[in-house]
Amino acid sequence: MKSEYIKIYKNRLLVSDLIIDVLCGKMSVSQALNLFPTDNNDINIKCAFDALVYREADEDLRKKNADYAQLQDDYLELIAKTLKENQNLPQNVISRYLKYNKDNLIYKKEKNLKDVFEKLKRIINF
């Protein structure tokens, strides 16, 4: 059980660092998403993944609206800070992401044909 907590914390640190690297321009969103941990046991990491996906999807809007881009980056920075401190995201944030993002898009190992199709579907959408 203790090793599971350590694994979750290490994954949160990794995700926090990936978000900061994106915000600092050290890597692209797609590079960061490819480095995300594949463990599906932490809803906070799923929400962070979804938040980065939105940043990528909102690229045109971000170019047109600097205030929106800054707000989105501040929000990602808050997520990174929360994960770095090994805290859970507020329940209202988690609930909002689950309302609009029921599917878990984080990569997983392809164990069967369905998993292969899910991965292909995700790749096509990027």
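The values are calculated or read from the model by the stated rules, or taken from the named source; none is laboratory data. Remember, it's a predicted structure, so these values are computed and weren't measured experimentally. FYI the Cβ positions are ideal-geometry reconstructions off the backbone, even for glycines, and counts take in every protein chain you see. Surface areas here come from the heavy atoms of the whole protein model, side chains and all, with no ligands, DNA or RNA. Shrake-Rupley method; radii C 1.70, N 1.55, O 1.52, S 1.80 Å.
May I ask you to evaluate 6.51 cos²θ - 1.76 cosθ + 1.60, the Karplus curve with θ = phi - 60°, for each residue of segment 66-76 and list the ³J(HN,Hα) values in order in whole Hz, giving x for glycine and proline?
Working through the residues one at a time gives 5, 5, 5, 4, 5, 4, 5, 5, 4, 5, 5 Hz.
Asp39 versus Lys81, label points 7 Å from Cα toward the beta carbon: distance in nm?
Here the modelled spin labels are 2.5 nm apart.
Considering only protein heavy atoms, what per residue accessible area in square angstrom results for segment 42-100 with a 1.4 angstrom probe?
59
Using only C-alpha atoms and all pairs of different ones, pull out the Kirkwood radius for segment 1-107 in Å with one decimal.
14.0
Of Lys63/Lys99; Lys10/Lys63; Lys26/Lys81; Lys2/Lys46, which sit over 25 Å apart, Cα to Cα?
Those over the limit are Lys63/Lys99; Lys10/Lys63.
Mind ranking Asp67, Asp74, Asp21 by accessible surface for me, highest first, 1.4 Å probe?
On the way: Asp67 120, Asp74 75, Asp21 40 Å².
Of Asp67, Asp74, Asp21, the descending order of accessible area is Asp67, Asp74, Asp21.
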